[in-house]
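A.B. asks: Before anything else, here's the structure in question.
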Amino acid sequence: MTWILFLEQCLNGLQFGLMLFLLVAGLTLIFGIMDLINLAHGSLYMIGAYLVATFTQATGSFLLAVPLGLAATAVIGMVVEATVLRGLYKRDHLSQVLATFALILIANESTRAIWGLQALTLNVPEALSGSVELLPGLHYSAFRLAIIIVGLLVAAGLYFLVVRTRIGMLVRAGASNRQMATAMGTNIKWLFTAVFGAGAALCALAGAMLSPLLVVQVGMGESILILAFVTVVIGGIGSMRGAFIGALLVGIVDTFGRAFIPPLLRTILPPALADAAGPSLAAISIYLLMVIVLFWKPQGLFPAGS
Amino acid sequence: MKKKLLCLALAGAMSMAAQAADKVKVGFVSTLSGPGGILGVAIRDGFQLGIEHTGGKLGGLPVELLIEDDQQKPDVAKQLADKLIKRDKVDFMTGIVFQNILQAAQASVLGSETYYISPNTGPSELAGAGCNPYFFAVSWVSDSYSEATGKNMTDKGYKNVFVIAPNYPGGKDVVNGFKRYYKGNYAGEVYTKLGQLDYAVEISQMRAAKPDAVFFFLPGGMGVNFLKQWHQAGMNKEFPLFGTGWSFDQDTLAAVGEPTLGALNASHWNLDLDNAANKKFVADFEKKFGRLPNEFAAQGYDAAMLIDAAVRDVKGKIEDKAALRKALEAANFKSVRGAFKFNKNHFPIQNYYLRQVVKDDKGRFVNKTAGTIFTDHQDAYVSACNM
């Protein structure tokens, strides 16, 4: 293995982690602040991806489609929050899980009814379709590089918003102690709707950035949802910093697990055994990471309010 | 007197049994919704077009087609099969797309001695020691496509191939078929998690391993994602890519477009196969459904044609199971793939073709037949079948 391959895999891990962060940022806030387990978070990601793909086909411009898709998904998110989820905050987690699971089914079936069975595919915008030579011999896809830049910008923006602004202060207060924040006169109702809308927009952004790489299809949200919850738990529920570090950790560990565990096992085990164990071990690496983190830090790496 | 009456009654019953049925009931269980739904829909469309071409009848008898959606869930498929067999008393079953779904339903179907015509999945156990008189496949054994791809890569002189497949029994089976006919070395072998979406890690590994070609087996959405990312990483300019026909069926080509261009794959059927049955099938399919057919549709069509021929050959007496089996084995129909005959394990002996994805004169992405890899190919399991 060369150091160029190593660097390339680091970039792959970073890119995956940052995409995960976009999904997890909204999820952790909703989970932390509203104490709502929202299984339908993945559906917002799917809806975002579908809308961006459709707007791209309609307008012919990916750049124009992204803000349109983001805004539309945010509106859908807020409408769902105001009509369905608002009644669930006082219920126990089981009711929330059941209700949001129902939302997944509704979202999937409606998507199928509107867009049909065939998955949508979106090609990378022309300007970003090539690869960039970062170092001599290290060619990296320009679009994946763009994903990394967008992810870092959003992370910086969120950090500024949450740590440096009044809205961020309310959000943090809500995450640390909901009752106290309400008692201090925060309009929790509107705050919740706004946070939910922002979370939905971040989901849509993840969907938009991934749609040229992945197939846009019904059920795409569920496959990534478990990973998103794992990240929330590793990072600490309700913590933006935890979401960021957790997502990067999961991205890097998953990438390195897939890239380096099977060849490593082949050097120490007989080939038949290594071929059987390697892929399985690589697939569970993030869950091992979660077990290890929870063993030492049961609240996650950066629990909110600590 | 009593004896005489009994004899008369018996004779009556026997003449009843030998009389032709008044209709054929076909139970069609398939995956019509969910991510795999597109495959079941193709098979169903092909099957229905087949019935249309035979004048809305099968073997001269009116058809009652009972279509059910298994939602790609094994338990649902088993319930549906039980219902169709016990309550509706169907004469034939067909339709199932996926191997694990068939496994769940197969005991109910074959155990009840109902003929099952597989329009798609062909498990190797049913081709070998587990072959069954009531099971017929108009498709292939699950490793046939990869056998053909392996053979083609050996013929072309590739010596150092990188292989990628999902880490599940079906993936390993397909790779084993490939290895049976590919004789060179391996630059690398990667088995990914089933359902993996992003292949950046594996593509980086491939580039670093510098193979002289890549063979991939990633069914469904996995393959589409892989193809897109392969294309974006510029790998299509560096390495030839080989796959099975399933990854390059017409529906996939239409949806994915550009990234599939130039890829080589193996299949038993293609749009441009030059025979009268195929020309009629392709033209009428496009006219009726507004899209070009794929191999799944062709298999569905052939399943209908096989039933039609068998029912016709027994002159509608489908209660006579032994005669019906002989008629099915004779497969007296014109397949859209050209020459067709069953081996003793009820799997086809057929040709496998090399196809390449090109742009046709209407700007559509289609497979162009680029050669014949196997002629009258038999699967590797038939010798284990005692039937």
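The values are calculated or read from the model by the stated rules, or taken from the named source; none is laboratory data. Worth saying up front: this structure is predicted, and the values here are computed from it rather than measured. Here Cβ is always computed from backbone atoms with ideal geometry, including for glycine, and neighbour counts include all displayed protein chains.
A.B. asks: Given the criteria in a helix (DSSP H, G or I), among the charged types (D, E, K, R), under 19 Å from B:TRP140 (Cβ atoms) and touching a residue at least 12 places away in the same chain (Cβ under 8 Å), does B:LYS179 qualify?
C.D. replies: For B:LYS179, the condition - in a helix (DSSP H, G or I), among the charged types (D, E, K, R), under 19 Å from B:TRP140 (Cβ atoms) and touching a residue at least 12 places away in the same chain (Cβ under 8 Å) - is met.
Here is a yes/no grid of residues against (1) in a loop (DSSP other than H, G, I, E, B); (2) over 19 Å from B:THR372 (Cβ atoms); (3) over 20 Å from the mean Cα position of the chain (by Cα); (4) touching a residue at least 24 places away in the same chain (Cβ under 8 Å):
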position: B:ALA327; (1), (2), (3), (4): no, yes, yes, no
position: B:ASN351; (1), (2), (3), (4): no, no, no, yes
position: B:ARG355; (1), (2), (3), (4): no, no, no, yes
position: B:VAL358; (1), (2), (3), (4): no, no, yes, yes
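A.B. asks: Ok, one more. I'm checking my understanding of the structure. Among residues of the range A:134-148 that are within 11 Å of chain B (Cβ to nearest Cβ) and in contact with a strand residue (DSSP E or B) (Cβ under 8 Å, 6 or more places away or on another chain), which one is modelled with the lowest pLDDT?
C.D. replies: A:HIS139
A.B. asks: So A:VAL132 passes all but one of these: (1) in a helix (DSSP H, G or I); (2) of a type in the set (Val, Ile, Thr); (3) without any contact (Cβ under 8 Å) to a residue 60 or more places away in the chain. Which condition number does it fail?
C.D. replies: (1)
A.B. asks: Which of the helices (runs of 4 or more DSSP H) contained wholly in the range B:67-169 include at least 1 residues that are within 19 Å of B:GLY245 (Cβ to Cβ)?
C.D. replies: B:99-111, B:124-127, B:144-155
A.B. asks: Taking into account only those residues within the range A:103-133 that are under 26 Å from A:LEU7 (Cα atoms) and hydrophobic (A, V, I, L, M, F, W, C), which is surrounded by the fewest Cβ atoms within 10 Å (Cβ to Cβ)?
C.D. replies: It comes out as A:ALA127.
A.B. asks: Restrict the check to the range B:148-158 and report whether at least one residue is surrounded by 24 or more Cβ atoms within 10 Å (Cβ to Cβ), within 18 Å of the chain's Cα centre (by Cα) and assigned by TED's automatic domain parsing to the domain that holds B:ALA327.
C.D. replies: no
A.B. asks: From the list B:ASP212, B:ASP272, B:ASP284, B:ASP249, pick out the single residue that is acidic (Asp, Glu), in contact with a strand residue (DSSP E or B) (Cβ under 9 Å, 6 or more places away or on another chain) and surrounded by fewer than 17 Cβ atoms within 10 Å (Cβ to Cβ).
C.D. replies: Selected residue: B:ASP272, the only one of B:ASP212, B:ASP272, B:ASP284, B:ASP249 that is acidic (Asp, Glu), in contact with a strand residue (DSSP E or B) (Cβ under 9 Å, 6 or more places away or on another chain) and surrounded by fewer than 17 Cβ atoms within 10 Å (Cβ to Cβ).
A.B. asks: Can you tell me which condition A:HIS93 does not meet? The list is (1) buried (at least 16 other Cβ atoms within 10 Å of the Cβ); (2) in contact (Cβ under 8 Å) with a residue 40 or more places away in the chain, and all the others hold.
C.D. replies: That leaves (1) as the condition not met.
A.B. asks: Also, quick follow-up: Given the conditions (1) crowded, with 22+ Cβ neighbours inside 10 Å; (2) farther than 19 Å from B:GLY257 by Cα; (3) over 20 Å from the mean Cα position of the chain (by Cα), report the number of the one that B:GLN232 does not fulfil.
C.D. replies: (2)
A.B. asks: Does B:GLY257 meet the test of being surrounded by fewer than 20 Cβ atoms within 10 Å (Cβ to Cβ), over 21 Å from the mean Cα position of the chain (by Cα) and within 30 Å of B:ASP302 (Cα to Cα)?
C.D. replies: Judged against the criteria, B:GLY257 is a match.
A.B. asks: May I pose another question? Taking the range A:225-243 as the search range and keeping residues that are among the hydrophobic types (A, V, I, L, M, F, W, C) and buried (at least 24 other Cβ atoms within 10 Å of the Cβ), which one is farthest from A:CYS203 (Cα to Cα)?
C.D. replies: The extreme case among them is A:ILE234.
A.B. asks: If you don't mind, there's one more thing I want to ask. Take the residues in the range B:190-209 that are over 19 Å from A:LEU214 (Cβ atoms) and out of contact with any strand residue (DSSP E or B) (no Cβ under 7 Å at 6 or more places or on another chain); name whichever of them is surrounded by the most Cβ atoms within 10 Å (Cβ to Cβ).
C.D. replies: Looking at residues that are over 19 Å from A:LEU214 (Cβ atoms) and out of contact with any strand residue (DSSP E or B) (no Cβ under 7 Å at 6 or more places or on another chain), I get B:ARG207.
A.B. asks: Give the number of residues within the range B:39-57 that are among the small types (Gly, Ala, Ser) and in contact (Cβ under 8 Å) with a residue 40 or more places away in the chain.
C.D. replies: Number of matching residues: 4.
A.B. asks: Which members of the range B:329-340 meet the condition of being aliphatic (A, V, I, L, M) and part of a helix (DSSP H, G or I)?
C.D. replies: If the condition is that a residue be aliphatic (A, V, I, L, M) and part of a helix (DSSP H, G or I), then B:ALA330 is the only one that fits.
A.B. asks: Also, I was wondering about something else. Which pairs turn up if I take residues in the range A:39-67 that are closer than 21 Å to A:VAL80 by Cα and look for partners that are among the aliphatic types (A, V, I, L, M) and not in a helix (DSSP H, G or I) with beta carbon separation below 6 Å, at least 6 apart in sequence or on another chain?
C.D. replies: Matching pairs, first to second residue: A:ALA49/A:VAL216; A:TYR50/A:VAL216.
A.B. asks: What residue, of A:ILE37, A:ILE47, is of a type in the set (A, V, I, L, M, F, W, C) and crowded, with 24+ Cβ neighbours inside 10 Å?
C.D. replies: A:ILE47
A.B. asks: Still on this structure, please answer the following. Consider A:ALA156 carefully, then state whether it is loosely packed, with under 14 Cβ neighbours inside 10 Å and either more than 14 Å from chain B (Cβ to nearest Cβ) or part of a helix (DSSP H, G or I) (or both).
C.D. replies: Judged against the criteria, A:ALA156 is a match.
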